[in-house]
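Working notes for the structure below.
The values are calculated or read from the model by the stated rules, or taken from the named source; none is laboratory data. Predicted, not measured: the structure shown is a model, and the values here were computed from it. Here the Cβ is made from the backbone with ideal geometry for all residues, glycine too, and neighbour counts use every protein chain on show.
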Amino acid sequence: MASRPVRLLLVAAHPADTFDQAGGTLVHHIARGDRVTVVSVTTGVRSHDWGLIDDKDRSGQAMDVEERVQAERDKKLEELRGACAVLGIEDVRTLGFEDDEEVLTESLIVRIADLFREVRPDVVITHHPYEDWGLKLHATVGRAVVFAFRKAATSGRGQSQTPHRVPSIYFMNPMAYVGVSLSNAFAAHIDVCVDISDVIDKKVRAMDRISSQYYGGSYARKRAEACDGHWGHQAQVAYAEAFQRYYQWVTYTLPISDFELRRAEEPIEQQMKRRGTFTAAHIPLPEGSVPAHLLVDEAFYDH
């Protein structure tokens, strides 16, 4: 661990990416006195306001999409701020890019490099640059961060801010789509898992705030069990978030955590109890939510 408080900057493609992929980790850093800044490159309205997409599909008539996008933008940003507040994050920003701009551009790289020079982070968290073979906005943002990492460290053309060299970059949930295809298996692996078992409730309640994507309620709890519970099981804890480093970890001695020491000494029975902890599914639903098992669309499964 660093001997002083550090500055973390998370650069995500869409508002909800912060919470469903690294929310618990950010809570831990805030608790130890680190400064956390969250930046969503887009507002996520065009691709992740699923209520808008459903309305457009079902309306059966022409809709002024641009007017609706403008109206929903503030709502998405308010969801982002509200979810961050649950995690204790106060510095929340968006770069304002449109989320249907999927191609890597110099303007995106420059904006992120300027952000590095301003915030001066010690740790940057972002998407894997080859997620789904690089053919999605997540990966575009991940690649932009790596290019910006180099640009921010130079004098640059027309730059007035002091250069900044980011010490460490982490890609969050690097194996996200390998289970669906082998698209990024050649580049993705997990270097470290962060045990978030003690803060899974905060992560779920942050997800509850993302109502425009139907993330709240039963889905937030199921996702925590299926995703964070999966990586937790691999790490022999209840819930965990997975990361991959961009550069190798350099230390004075070989690193070993207190958890690894305790795990080697504890009875197997205790380990299995820890891995079997079942918390997220029992977090009370937001007021007015209907349990998911009452919402099964039987007609959909009627063959």
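Here are the numbers:
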| read-out | value |
| --- | --- |
| Residues (in contact with a Lys or Arg (Cβ under 9 Å, 6 or more places away or on another chain), assigned to a helix (DSSP H, G or I) and either modelled with pLDDT under 70 or loosely packed, with under 12 Cβ neighbours inside 10 Å (or both)) located in segment 54-73 | 56 |
| Whichever residue in segment 190-223 is acidic (Asp, Glu) and not in a helix (DSSP H, G or I) and, among such residues, is surrounded by the fewest Cβ atoms within 10 Å (Cβ to Cβ) | 191 |
| Lone qualifier among 169, 190, 200 - being of a type in the set (Val, Ile, Thr), out of contact with any His (no Cβ under 7 Å at 6 or more places or on another chain) and at pLDDT below 95 | 190 |
| Meets criteria (closer than 20 Å to residue 245 by Cβ and either in contact with a Cys (Cβ under 9 Å, 6 or more places away or on another chain) or at pLDDT below 85 (or both)) for residue 2 | yes |
| Residue within segment 137-155 that is under 25 Å from residue 32 (Cα atoms) and without any contact (Cβ under 8 Å) to a residue 12 or more places away in the chain present | no |
| Test result for residue 77, in contact with a helix residue (DSSP H, G or I) (Cβ under 6 Å, 6 or more places away or on another chain), under 23 Å from residue 207 (Cα atoms) and surrounded by 13 or more Cβ atoms within 10 Å (Cβ to Cβ) | no |
| Selection within segment 3-19 - assigned to a strand (DSSP E or B) and β-branched (Val, Ile, Thr) | 11 |
| Residue in segment 119-135 that is of a type in the set (Lys, Arg), surrounded by 15 or more Cβ atoms within 10 Å (Cβ to Cβ) and modelled with pLDDT of 95 or more present | yes |
| Considering residues of segment 243-274 that are within 29 Å of residue 202 (Cβ to Cβ) and within 23 Å of the chain's Cα centre (by Cα) only, the residue modelled with the lowest pLDDT | 249 |
| Subset tally (residues that are over 19 Å from residue 46 (Cα atoms) and either crowded, with 19+ Cβ neighbours inside 10 Å or at pLDDT below 95 (or both)) for segment 83-104 | 6 |
| Candidate set: segment 119-148, residues that are touching a helix residue (DSSP H, G or I) at 6+ places or on another chain (Cβ under 7 Å) and of a type in the set (Phe, Trp, Tyr); chosen: the one farthest from residue 47 (Cα to Cα) | 147 |
